[in-house]
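What follows is calculated from the coordinates using simple rules that are stated; it is not laboratory data. The model shown is predicted, which means the values in this text are computed figures rather than measured ones. Counting neighbours? That spans all protein chains shown, and the Cβs are built from the backbone with ideal geometry, glycine included.
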Amino acid sequence: MPSLGADMEVGTVLTWYVGPGDVVKRGDIVALVDTEKAEIEIEIWNAGRVARILVEPGREVPVGAPLLVLEETGEAASAAPKSERGPRPPAPLRPSSATSATSAKPAAVVDARIPIPRPSSVPVPSEVPSAPRAPSRERVRATPLARRVARELGVDLSRVTGTGPEGRVRADDVRASQPAPTAVASPATETAAPVAPARLAPSADQPLSAERLAAIRRGMANAMARSKREIPHYYLELDVDMSRALAWLEAANRERSVEQRLLLQVLLLKATALALADVPDLNGHWLDGRFVPAASVHLGVAIAVRGGGLLAPALHDVDRRSLDVLMHDLSDLVARARRAQLRSSEVRDATATVTSLSDRGPDRVYGVIYPPQVALVGFGGLRERPWAQAGMLGVRPVLSITLSADHRASDGQQGTRLLRRIARALEEPEKLA
Amino acid sequence: MKRPLRELVLEVLGAIAPEADLAALDPRADLRDELEIDSMDLLHFAIGLHEQTGIEIPESDYPRIATLAGCVAYLEARGA
């Protein structure tokens, strides 16, 4: 049972997606686990053939308890590297010299998290697992909505004929490709109920239960209390003129259909990720009394859960993904976070976190770092402000960027460098695409 | 038979804010405040409306669909 939160002590396996005889490779989703706060799809660390399942669904086990045995090694496999339960061992991140990510294809670092077909003998006590995630490597031309529908219905996008511009797959194409409500490309992925084609479920079908919400709030409370106990925070802020970014975004969205529209938030995330790639002292974790830089930039995204509560699951390799891919992935992540259904890699891998408050929120936010990370970047609401430039006074849409950072790992110099990088990236939005 | 627009809009909203009591929604109230809808939700709202009515709502028109009454009127005017 992996540790999926600083305060997690036990977990309950809800559903197994593999059985004896199945071959798994690293990153495959093998089980659905309930951790009180959320239902987490567990991605396995090891590769091999499943020899034996040790824990039947419904049983609560402590963190660290073996869940299954893999044949290759003969020892109990775990969902985390043996040496530690926290973030992966790092290599220092080289500052990326090319800040412009113009290629449409994201880098090949993105894994395809594909659930293994589940043997039909395994009982399904609770909710249906997510459908296979479309591999990001070969990017099928499809609208973000089509991807989401494909995921929900378990459809392999590459097999769907697209009727949109340039053969782009649209949501209706995905639905039309379905022979029956429960038929899916991955045969053993069952749906709990037939999916009504016209139904749109962008963020949640059901509100979260009171117990779930309470557990989420408890998790946040514990993390925030620990943060303030252990982390000596310092705070820096910088205001940015967003007129260029907003103009660019408006133009970009005019060229896109409504399903493909980009939110300002993805520009903010990409800019932050590129900046963190340049300032590695702020991208990583404080472990055992020292700073361990991370090899990648996986941004935790603070997501408000409807009903009250906060989760901050990770978006992976944000510095390497195009804005379109980020938008699709963010949309998917927000939807799942609000259903409290996440993957273990999302719960564990954040190397820094971003909290972005809406225009209807405050001017700026002084956030609390999520331990064991060492930085939290905050974006306030867009405000029209007087702005002086080259001796002239005007009015511009201004955004406040704040950095909360761990003073054990960095000081104002690195912090300033990070803020300036973010600002510069936002002032050159065409380079973010 | 064409579904009443109001019902359609409420259904799309229901998918975004499932815990809200939509029956009690003041048609003139700003949805962003009433239902705590953020920019992601608003985009999904526009996408949902597009799916159901075929009408593509430009970003500049978002303020006009920000209330239930405004949204219904907007869609009606565009032939929904």
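Quick look at the numbers
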quantity: Distance from region A:405-426 to region A:223-272 (C-alpha centre basis), Å; calculated: 15
quantity: Sparsely packed trypsin sites (Lys or Arg not before Pro) within region A:325-433, loop by DSSP, other Cβ within 10 Å at most 15; calculated: A:Arg360, A:Arg408
quantity: Length-normalised contact order for region A:287-433 - Cα pairs under 8 Å, 6+ apart - percent; calculated: 19
quantity: Distant-in-sequence amide H partners of A:Ala352 (H built 1.01 Å from N, under 5 Å); calculated: A:His298, A:Gly300
quantity: Whole-percent pair-distance distribution, where bins are 10 Å wide, for the alpha carbons of chain B; calculated: 19, 61, 20, 0
quantity: Dipole of chain B, positive direction: furthest Cα of B:Leu31, B:Ala80, B:Ile57, with charges on the beta-carbon; calculated: B:Ala80
quantity: Shielding by partners - mean other protein chain Cβ count within 10 Å, residues of A:354-365; calculated: 2
quantity: Within region B:1-79, trypsin sites (Lys or Arg not before Pro) in DSSP loop having at most 14 other beta-carbon neighbours inside 10 Å; calculated: B:Lys2, B:Arg28, B:Arg78
quantity: Cβ neighbours within 10 Å from other chains - mean over A:257-263; calculated: 5
quantity: Added length on full extension, which subtracts the Cα-Cα distance from 0.36 nm per residue, A:Ala388 to A:Val23; calculated: 125.1 nm
quantity: Whole-Hz ³J(HN,Hα) from phi, Karplus 6.51 cos²θ - 1.76 cosθ + 1.60, for region A:47-60, glycine and proline x; calculated: 10, x, 9, 5, 9, 7, 8, 9, 10, 7, x, x, 8, 8
quantity: Point-to-point label distance, A:Ala251-A:Glu428, nm (Cα→Cβ direction, 7 Å offset); calculated: 1.6
quantity: Residue-span extension gain [A:Glu230 to A:Arg244] - 0.36 nm each, minus C-alpha spacing; calculated: 1.1 nm
quantity: Pair B:Ser60, A:Arg417: separation of 7 Å Cα→Cβ label points (nm); calculated: 4.3
quantity: Reachable aspartates and glutamates from A:Lys431, criterion Cα separation under 18 angstrom, eight or more residues apart if same chain; calculated: A:Asp241, A:Glu250, A:Glu255, A:Asp278, A:Asp317, A:Asp319, A:Asp324
quantity: A:Arg217 paired with A:Arg159, simple spin-label distance in nm, labels 7 Å along Cα-to-beta-carbon; calculated: 4.5
quantity: Whichever aspartates and glutamates have a C-alpha closer than 13 Å to that of A:Lys25, once near sequence neighbours (fewer than 8 apart) are set aside; calculated: A:Glu43, A:Glu71, A:Glu72, A:Asp111
quantity: Average Cα contact separation per residue, region B:1-67, under 8 Å, 6 or more apart, as relative contact order %; calculated: 34
quantity: Cβ-defined net charge surrounding A:Leu418, 10 Å radius [Lys, Arg +1; Asp, Glu -1]; calculated: +1
quantity: Pairwise FRET efficiency - A:Val63 versus B:Glu11, Cβ, R0 = 56 Å, nearest 0.05; calculated: 0.85
quantity: Region A:217-345 - percent relative contact order, Cα under 8 Å, separation 6 or more; calculated: 21
quantity: Shielding score for A:393-404, defined as the mean number of other chain Cβ atoms within 10 Å; calculated: 0
quantity: Under 13 Å from A:Lys228, Cα to Cα: aspartates and glutamates that are on another chain or at least 8 residues apart; calculated: A:Asp406
quantity: FRET efficiency for A:Asp359 and A:Glu56, using Cβ-Cβ distance with R0 set to 45 Å, rounded to 0.05; calculated: 0.40
